[in-house]
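See structure below.
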Amino acid sequence: MSEIRIVQNVLKHNDEIASMNRHRLRDDGVFCIDLIGSPGCGKTSLLEATLRRLHNRINIGIIAGDLATDRDAQRIQACGARVVQINTGKGCHLDANQVRHALDEIDLAGLDLLIIENVGNLICPVGFDLGQDAKVGMFSVCEGDDKAAKHPHLVRAADLLLLNKIDLMKYVKFHPVTFREDVEKLNPGVEMIELSVTEPKIERWLDWLLSKTQAAQDETCADMPVPVGTAKELSDAR
Amino acid sequence: MHELSIARSLVGLVRESVPGGAVVKSVLVRVGPLQAIESGAMELSWCAATEGTVFEGAELLLTFVPWELGCRECGRSWSSDSWSDPCTCGSCRVDPVGGDELRLESIEVEDLPNRTASADAPRAVKRSQASKETRRV
Ligand SMILES: Nc1nc2c(ncn2[C@@H]2O[C@H](COP(=O)(O)OP(=O)(O)OP(=O)(O)O)[C@@H](O)[C@H]2O)c(=O)[nH]1
Ligand SMILES: [Mg+2]
Ligand SMILES: [Zn+2]
């Protein structure tokens with residue numbers, strides 16, 4: 001019997017494809033988000049509201065991952081965005097290769113922002129890098145204030161956390177302080193935004209999106225001759 | 001069930017890492033607590049992913065590593081099954097460190113028997129066979 005020592009990341013292949021995706025997106029100055037949250041926390045509703053507010057200011061593309069049906073894609077399309085649907089079948093998360101194929105169907109040069117709505121699941125999608133610039137973890141108050149503590153993987157991996165449905169806070173037992181304390185322990189200093197998508201109360205989220213999108217464009221523009229207007233239109237939109 | 005994707009990825013990695021014709025006895029993987037891997041689900045997934053391949057029957061050995069915690073007040077560090085332990089100094093300002101590893105560490109293979117000429121064939125040839133197989137998957 002002999003032992004072969006290797007020490008390699010098990011998801012190496014996924015990570016390699018993810019980094020290819022990341023390069024493609026960077027080259028075109030597209031800011032990309034992987035939106036992860038439990039089923040029904042309000043991901044598609046948030047995208048709808050975001051598109052309604054921003055679609056005539058910046059160019060937004062959406063990749064919608066779902067186990068089955070194209071209902072989310074239809075809802076998003078109705079708001080005027082380019083959307084590519086990925087049906088994962090039995091797959092409980094998206095992977096970098098699925099996103100790579102979806103990118104082939106999108107005109108990246110014409111985009112400022114790409115949001116990937118991952119399959120509704122707080123656990124499985126977290127470990128799979130897709131090539132995003134930011135992982136956004138989304139919770140809603142109806143799920144309970146212990147969900148950050150019970151899902152440390154998402155909380156720790158997130159660059160931004162959203163807490164949705166705060167309009168329902170008065171009907172459910174949810175202590176914002178408990179939730180915040182767990183978040184702060186797991187991912188010190190991470191930005192957290194409270195939302196009510198249906199009211200709608202999403203200003204801070206929109207500000208965050210616009211500033212990140214702008215920064216991604218500035219970075220690309222720094223390497224290239226400035227395309228007249230783009231950066232300025234964006235700052236006017238703010 | 002992200003375990004199934006992980007198992008498939010692992011099979012690909014093992015295939016790349018052993019010389020063609022090697023009989024794999026076991027595969028050792030180190031798992032951090034952030035990976036949220038359930039050992040039963042992982043075992044089933046490994047069986048499904050190796051079924052019908054040359055790795056069918058190989059054993060998957062998981063080493064679950066605990067959380068590494070560090071106290072912000074006194075600087076003590078220790079490991080624990082829970083990320084939310086307070087420190088022995090009484091402080092609750094404790095930071096979890098790392099925890100997201102998912103690493104293939106080693107593969108145990110049976111020594112190749114010297115029965116046939118082909119078993120003695122140079123390694124390079126076997127490697128190229130192995131890589132052809134990888135591409136087919
Ligand atoms: N009260 C309230 N309801 C909301 C809010 N945001 C979303 N909802 C409702 O929550 C339900 C689920 O919303 P979706 O946007 O479909 O959730 P999702 O996260 O996309 O769900 P999946 O894609 O199936 O995982 C819908 O009935 C929404 O109207 C909110 O801020 N407040
Ligand atoms: Mg949805
Ligand atoms: Zn201490």
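The values are calculated or read from the model by the stated rules, or taken from the named source; none is laboratory data. Predicted, not measured: the structure shown is a model, and the values here were computed from it. Every residue, glycine as well, gets a Cβ built from its backbone with ideal geometry; the counts of neighbours run over all protein chains shown.
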Return a yes/no flag: does the range B:18-29 have any residue that is more than 11 Å from every other protein chain (Cβ to nearest Cβ), touching a residue at least 24 places away in the same chain (Cβ under 8 Å) and part of a loop (DSSP other than H, G, I, E, B).
yes
Could you tell me whether any residue of the range A:146-155 is in contact with a Ser or Thr (Cβ under 9 Å, 6 or more places away or on another chain) and within 16 Å of ligand 1 (Cβ to nearest atom)?
yes
Kindly indicate whether A:LEU25 is away from ligand 2 (no atom under 16 Å from the Cβ), touching a strand residue (DSSP E or B) at 6+ places or on another chain (Cβ under 9 Å), more than 14 Å from every other protein chain (Cβ to nearest Cβ) and not in a strand (DSSP E or B).
yes
Which numbered condition A:GLY61 fails, given (1) in contact with a Lys or Arg (Cβ under 9 Å, 6 or more places away or on another chain); (2) within 14 Å of another protein chain (Cβ to nearest Cβ):
(2)
Select from the range B:73-100 the residues that are closer than 30 Å to A:LYS12 by Cβ, more than 8 Å from chain A (Cβ to nearest Cβ) and not polar (S, T, N, Q) and list them in ascending order.
B:ASP81, B:VAL97, B:GLY98
A:HIS153 vs (1) within 14 Å of chain B (Cβ to nearest Cβ); (2) surrounded by fewer than 15 Cβ atoms within 10 Å (Cβ to Cβ): all pass except (2)
Select from the range B:75-97 the residues that are surrounded by 13 or more Cβ atoms within 10 Å (Cβ to Cβ) and assigned to a loop (DSSP other than H, G, I, E, B) and write down the one among them that is farthest from ligand 1 (Cβ to nearest atom).
B:ARG76
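In this structure, is A:GLU3 surrounded by fewer than 20 Cβ atoms within 10 Å (Cβ to Cβ), among the charged types (D, E, K, R) and not in a helix (DSSP H, G or I)?
Numbers: surrounded by fewer than 20 Cβ atoms within 10 Å (Cβ to Cβ): yes; among the charged types (D, E, K, R): yes; not in a helix (DSSP H, G or I): yes.
Considered against the rule, which asks whether it is surrounded by fewer than 20 Cβ atoms within 10 Å (Cβ to Cβ), among the charged types (D, E, K, R) and not in a helix (DSSP H, G or I), A:GLU3 comes out as yes.
Right, A:THR50: surrounded by fewer than 20 Cβ atoms within 10 Å (Cβ to Cβ) and either at pLDDT 95 or above or within 16 Å of ligand 2 (Cβ to nearest atom) (or both) or not? First the steps, then the outcome.
Details: surrounded by fewer than 20 Cβ atoms within 10 Å (Cβ to Cβ): no; either at pLDDT 95 or above or within 16 Å of ligand 2 (Cβ to nearest atom) (or both): yes.
It is false that A:THR50 is surrounded by fewer than 20 Cβ atoms within 10 Å (Cβ to Cβ) and either at pLDDT 95 or above or within 16 Å of ligand 2 (Cβ to nearest atom) (or both).
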Would you say A:PHE139 is in contact (Cβ under 8 Å) with a residue 60 or more places away in the chain and within 14 Å of another protein chain (Cβ to nearest Cβ)?
no
Over the range A:172-189, the set of residues of a type in the set (Phe, Trp, Tyr) and part of a loop (DSSP other than H, G, I, E, B) is A:PHE174
Can you pull out every residue in the range A:30-80 that is in a helix (DSSP H, G or I), without any contact (Cβ under 8 Å) to a residue 60 or more places away in the chain and of a type in the set (A, V, I, L, M, F, W, C)?
A:LEU51, A:ALA73, A:ILE76
Check off (1) more than 21 Å from A:LYS165 (Cβ to Cβ); (2) within 13 Å of the chain's Cα centre (by Cα); (3) within 16 Å of ligand 1 (Cβ to nearest atom) for A:ALA78 and give me the number that stays unchecked.
(2)
Quick one: would you say A:LEU130 is more than 16 Å from ligand 1 (Cβ to nearest atom), assigned to a loop (DSSP other than H, G, I, E, B) and within 14 Å of chain B (Cβ to nearest Cβ)?
yes
Could you figure out which of (1) more than 24 Å from A:ARG156 (Cβ to Cβ); (2) touching a residue at least 12 places away in the same chain (Cβ under 8 Å) isn't true of B:SER77?
(1)
Looking at the range A:37-54 only, could you name the residues that are within 6 Å of ligand 1 (Cβ to nearest atom) and of a type outside the set (Ser, Thr, Tyr)?
A:GLY37, A:PRO39, A:GLY40, A:CYS41, A:GLY42, A:LYS43
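Please count how many residues of the range A:95-127 are more than 13 Å from A:LEU11 (Cβ to Cβ), facing chain B (nearest Cβ under 10 Å) and either within 16 Å of ligand 2 (Cβ to nearest atom) or at pLDDT 95 or above (or both). So that I can check it myself, show each step before the final result.
In the first step, residues of the range A:95-127 are kept if they are more than 13 Å from A:LEU11 (Cβ to Cβ); the result is A:98-123.
Filter once more, so that each one left must be facing chain B (nearest Cβ under 10 Å): A:121-123.
Next cut, either within 16 Å of ligand 2 (Cβ to nearest atom) or at pLDDT 95 or above (or both) only: A:121-122.
Qualifying residue count for the region: 2.
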State yes or no: is A:ASN59 buried (at least 17 other Cβ atoms within 10 Å of the Cβ) and away from ligand 3 (no atom under 16 Å from the Cβ)?
yes
